[in-house]
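Q: The following block contains the structure, expressed as structure tokens.
Bear in mind these aren't lab numbers, they're just calculated from the coordinates by the rules spelled out. If you're wondering where the values come from, they're calculated on a predicted model, not measured in any experiment. Here Cβ is always computed from backbone atoms with ideal geometry, including for glycine, and neighbour counts include all displayed protein chains.
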Number of protein chains: 2
Amino acid sequence: MEKNFSVKYRIWIFSGKEKVFGIGRIELLEKIKKTGSISTAAAQMKMSYRQAWQMVNEMNDRAGKPLVEKQLGGKSGGGSVVTPAGINAIRQFNLLEQEVGEFIRSKIKKMNF
Amino acid sequence: MEKNFSVKYRIWIFSGKEKVFGIGRIELLEKIKKTGSISTAAAQMKMSYRQAWQMVNEMNDRAGKPLVEKQLGGKSGGGSVVTPAGINAIRQFNLLEQEVGEFIRSKIKKMNF
């Protein structure tokens, strides 16, 4: 191309008509993983706890297996943990994003109009 | 994957920080090509003429060459025509969309968490 074009893209994964993942939900999972807390993750994303909790609930439902689980007991009690399936989902979504980005960038190099 | 996931995606092409194309703008170009008229295309997309005209102007500016040109004179006069560069842009954007779709679908088949 004669001009230097760049590209933005967004990917959402659905189960039927219901959204399972998008970049925001993956970011929420990442922050829960890091902080061990839905409410801290929610605050970091400037979301209400209710909103974050609802997203987590939807992801757990729609992914077909729990991605986040409440941790009962323990000294601090009441934390949340991202399950191995959740960690897998984060990794695979991020990999998909990266691969799609590379794919698109290789394609737009060849665009010429 | 154990569930049947599907994917949605959107692609936008930018020049610097300015959007050149997205699916809506490409649809606008397609309708101008078909109808020979920005105002008819705008009406079909439930946009104001002003809004459509602004999009066309931005695309012409940002693409580095005119994609839509006013046709002067002639019996009906005042129509608009999509240039060969515009037709190329439509074709290449749609091809990119299709190829990205195929790429993503092939990738999500292998997702498993």
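Q: Once each part is reduced to its C-alpha centroid, what is the distance from segment B:2-20 to segment B:50-113 in angstrom?
A: 15 Å
Q: Given N residues in the protein assembly as shown, what is Rg(Cα) / (2.2 N^0.38 Å)?
A: Details: Rg = 22.4 Å, N = 226, 2.2 N^0.38 = 17.3 Å.
Compactness ratio reported: 1.30.
Q: Hey, another quick one. Relative to the compact-globule scaling 2.2 N^0.38 Å, provide the ratio for the alpha-carbon radius of gyration of segment B:26-77.
A: 1.10
Q: Where does helix A:49-63 land angle-wise versus the long Cα axis of chain A, in degrees 0 to 90, nearest 10?
A: Here the helix axis deviates by roughly 70 degrees.
Q: What gaps in nm, shortest first, separate B:Lys34 from its twins in the other copies when you place the label 7 Å past Cα toward the beta carbon?
A: Ordered by increasing distance: 4.6 nm.
Q: Only sites in a loop by DSSP and with at most 12 other Cβ atoms within 10 Å count here; which GluC sites (Glu not before Pro) in segment B:14-81 make the cut? Provide the component values of the computation, followed by the final result.
A: On the way: sites: B:Glu18, B:Glu27, B:Glu30, B:Glu58, B:Glu69; in loops: none.
When the GluC sites (Glu not before Pro) of segment B:14-81 are filtered for loop state and at most 12 Cβ neighbours within 10 Å, nothing remains.
Q: Please go through the residue pairs A:Lys31/A:Lys107; B:Lys19/B:Lys109; A:Lys31/B:Lys110; B:Lys33/B:Lys65; A:Lys31/A:Lys70; A:Lys8/A:Lys33 and name each one whose alpha carbons sit more than 22 Å apart in this structure.
A: On the way: A:Lys31/A:Lys107 33 Å; B:Lys19/B:Lys109 31 Å; A:Lys31/B:Lys110 25 Å; B:Lys33/B:Lys65 17 Å; A:Lys31/A:Lys70 15 Å; A:Lys8/A:Lys33 27 Å.
Correct reply: A:Lys31/A:Lys107; B:Lys19/B:Lys109; A:Lys31/B:Lys110; A:Lys8/A:Lys33.
Q: Next question. Magnitude of the Cβ-charge dipole of segment B:13-108, K/R +1 and D/E -1, about the Cα centre, nearest 20 debye? Could you put the intermediate results ahead of the total?
A: Working: 15 positive and 9 negative charges, 38 e Å.
Dipole of segment B:13-108, to the nearest 20 debye: 180 debye.
Q: Further question: Going by alpha carbons, how many degrees (0 to 90, nearest 10) lie between the helix axis of B:23-35 and the longest principal axis of chain B?
A: 40 degrees
Q: Over the residues of segment A:13-109, compute the C-alpha Rg and express it relative to 2.2 N^0.38 Å.
A: Details: Rg = 14.8 Å, N = 97, 2.2 N^0.38 = 12.5 Å.
Taking N as the residue count of segment A:13-109, the ratio is 1.18.
Q: Moving on to the next point. Just tell me how shielded A:104-113 is by partners: mean number of partner chain Cβ atoms within 10 Å of each residue's Cβ, no decimals. Provide the component values of the computation, followed by the final result.
A: Details: counts 7, 0, 0, 7, 5, 0, 2, 7, 4, 15.
The shielding value for this peptide is 5.
Q: If amide H atoms are built 1.01 Å from N in the plane of the peptide, which residues on other chains or at least 5 residues away come under 5 Å of the amide H of A:Gly79?
A: A:Gln71
Q: Which loop trypsin sites (Lys or Arg not before Pro) in segment B:23-113, with loop taken from DSSP, have no more than 13 other Cβ atoms within 10 angstrom of their Cβ? All intermediate terms of the calculation are to be shown ahead of the outcome.
A: Details: sites: B:Arg25, B:Lys31, B:Lys33, B:Lys34, B:Lys46, B:Arg50, B:Arg62, B:Lys70, B:Lys75, B:Arg91, B:Arg105, B:Lys107, B:Lys109, B:Lys110; in loops: B:Lys46, B:Lys75, B:Lys110.
In loop regions of segment B:23-113 (DSSP not H, G, I, E or B), the sparsely surrounded trypsin sites (Lys or Arg not before Pro) are B:Lys46, B:Lys75, B:Lys110.
Q: So, one more: How about A:Lys46: which aspartates and glutamates have a C-alpha closer than 20 Å to its C-alpha, ignoring those fewer than 8 places off in the same chain?
A: Partners within reach: A:Glu27, A:Glu30, A:Glu58.
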